[in-house]
Structure formats: C-alpha cells, structure tokens
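Notes follow once the structure below has been shown.
The values are calculated or read from the model by the stated rules, or taken from the named source; none is laboratory data. Keep in mind that this is a model prediction, so the values were computed, not measured. All Cβ positions, glycine included, derive from the backbone under ideal geometry; neighbour counts span all protein chains shown. The protein model used for the area step is the full one, side chains on, heavy atoms only, and it has no ligands, DNA or RNA in it. Shrake-Rupley method; radii C 1.70, N 1.55, O 1.52, S 1.80 Å.
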Amino acid sequence: MPYTESPTRDGVNRRDIIIPNYASDGFWAHMLLFYSAHYIVVDAKNYVGAVKKREVLQLGNYLSQHGAGLFGMIACRTALDAGAEITRRELWAFHRKMIVVLNDDDLIQMLVAHAGGSDPGDVIRQKIEDFRLGF
C-alpha cells in the first residue's frame with residue numbers, strides 16, 4: 001500500500017508517494033539489492049514545461065541509504081531540461097542515487113503492458129539500462 005504526501009519526521013520534506021518494496025525475487029528484488037530500493041519514492045510533477053534542476057535535487061534529498069533508499073522516480077508530463085538531466089547524472093555518479101524519469105508516454109506504455117499481461121517494470125528497467133549504458 002503506497003503512502004501519499006508522507007512527511008519526514010522533522011516535517012521539513014513531504015514526499016508525494018512512497019511505495020514499500022518487499023520483493024524477494026524478480027525485477028524489484030534486483031532493485032532492492034543494487035539500488036537499496038527498500039522504498040520507491042515517486043515525485044509527481046504536473047508541469048506544462050520541462051522539469052528543472054531544483055526538482056531533481058529535491059528528489060535527490062529524499063533519497064538516502066539509511067532512509068527510503070537510493071532509488072526514486074519523477075513522474076512528469078514531458079521531460080527534464082538540460083540542467084536537470086546533468087543534475088540527475090551527478091546524483092548517480094557521486095552519490096549512487098538512481099532517479100528514473102517517467103513521462104506521460106512511459107506511464108501509458110506501463111498501463112498497456114499491465115493490461116496485456118506484461119510486466120510494467122520492463123519500462124523502468126529499460127530506462128535504467130539506457131541511462132547506465134549512455135553514461
């Protein structure tokens with residue numbers, strides 16, 4: 001069961017969605033092992049334009065080894081701007097924080113996959129693969 005608008009203990013930060021990950025096998029178990037994805041933090045950005053660096057840094061601040069883990073997703077209408085993409089790469093390179101960006105088309109693809117009996121996680125897996133191999 002996801003947690004929505006979950007504040008940190010000190011009340012300084014409010015995460016949009018947190019999804020516990022208790023998987024013992026498959027893709028999400030891999031995410032747990034390699035990205036410390038004990039919880040998946042999802043930051044929803046319903047912007048008309050591209051997501052900016054500030055929003056990527058905000059999600060990066062929510063991710064920690066001793067908290068939710070080092071994996072998060074930004075769900076947005078379009079994409080990241082150039083500065084936000086550089087910041088996402090830096091968060092990975094220097095802090096091992098993996099942030100996947102899912103736009104409208106990706107979310108639709110995941111829904112279609114689920115409806116057709118396929119694994120929607122394949123979209124996320126492909127996003128990570130493309131990011132890592134393009135690094």
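Below are the figures for this structure:
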| read-out | value |
| --- | --- |
| Accessible surface, the chain, averaged per residue in Å² (probe 1.4 Å) | 59 |
| Cut-off under 5 Å, modelled amide H: who pairs with D43 long-range | M73, I74, A75 |
| Considering only the chain, percent of DSSP beta bridges that pair antiparallel, nearest 5 | 45 |
| Solvent-accessible area of K97 with every protein chain in place, 1.4 Å probe, in Å² to the nearest 10 | 40 |
| Of N46, N103, N21, the one that fluctuates the most in a GNM where the chain has Cα springs shorter than 10 Å | N46 |
| Accessible surface, 1.4 Å probe, highest first, among residues W28, W92 | W28, W92 |
| Nearest-10 value in Å² for the accessible area of H95, using the 1.4 Å probe | 110 |
| Answer label, with Cα extents along the principal axes in Å calculated from the coordinates and candidates [x] 65, 35, 27; [y] 41, 34, 21; [z] 40, 32, 28 | [z] |
| Fraction of accessible area attributable to carbon and sulfur, the chain (%, probe 1.4 Å) | 55 |
| Relative contact order (%) - criterion: Cα under 8 Å, at least six apart; region: the chain | 18 |
| Distance (nanometres) between label positions extended 7 Å along Cα→Cβ at S24 and D105 | 3.9 |
